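Written below as structure tokens is the structure these notes are about.
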Amino acid sequence: MNAVRVLTLVGMPDCHLCHQMRQTLERVAGDFGARIEDVDIRSDVDLERRNLLEIPVLLLGRRELARHRVEEAELRRRLEAAFAPSTG
């Protein structure tokens, strides 16, 4: 059985860029069998210290996929690369 793919969106509820990235994710995530998890940056002191002025941040595990803005086509390319089976 495949593990659930989780895309973590680090941001804040009142952040317009976070809302825009969330909308893009909602259009794309299902096509990759991924679910979206929202993390409020204020819930983690370390996250807030490292990223407060850089939100939103989109993560796949610990890997950063996008920051600030990402167009739908570019996000699809990044997810295709991230989820591609490794060869070798």
inquiry  = At a 10 Å Cβ-Cβ cut-off, how would you order Phe83, Phe32, fewest neighbours first?
reply    = Phe83, Phe32
note = Out of Ala29, His16, Val39 - ranked by how far each Cα lies towards the positive end of the dipole of the stretch 1-54, with unit charges on the beta-carbon of charged residues - the top one is Ala29
query = What full-extension length gain, to one decimal in nm, is calculated for Arg50 and Ala81 as 0.36 nm per residue of separation minus the Cα-Cα distance?
reply = 8.6 nm
request  = Could you work out how far apart the two model spin labels at Val4 and Glu71 are, taking each label as a point 7 Å from the Cα in the direction of the beta carbon, and quote it in nm?
outcome  = 3.3 nm
ask   = Within the stretch 5-83, what percent of beta bridges assigned by DSSP are antiparallel, to the nearest 5?
value = 55 percent
Sequence-separation-based contact order of the stretch 1-61, relative, with Cα cut under 8 Å and 6+ spacing, percent = 52 percent
query = Seen from all sides and averaged, what is the projected area of the convex hull of the Cα atoms in the stretch 1-41, in nm²?
reply = 2.9 nm²
query = What is the mean projected area of the alpha carbon convex hull for the chain, to one decimal in square nanometres?
reply = 6.4 nm²
With Cα atoms, 0 to 90° folded angle of helix 16-28 axis to the chain main axis = 20 degrees
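Computed from the coordinates by the stated procedures, all read-outs in this text should not be read as laboratory data. As the structure is a computational prediction, the values presented were derived from the model and not from experiment. Don't worry about glycine lacking a Cβ; one is built from the backbone with ideal geometry, like all the others, and counts go over all protein chains shown.
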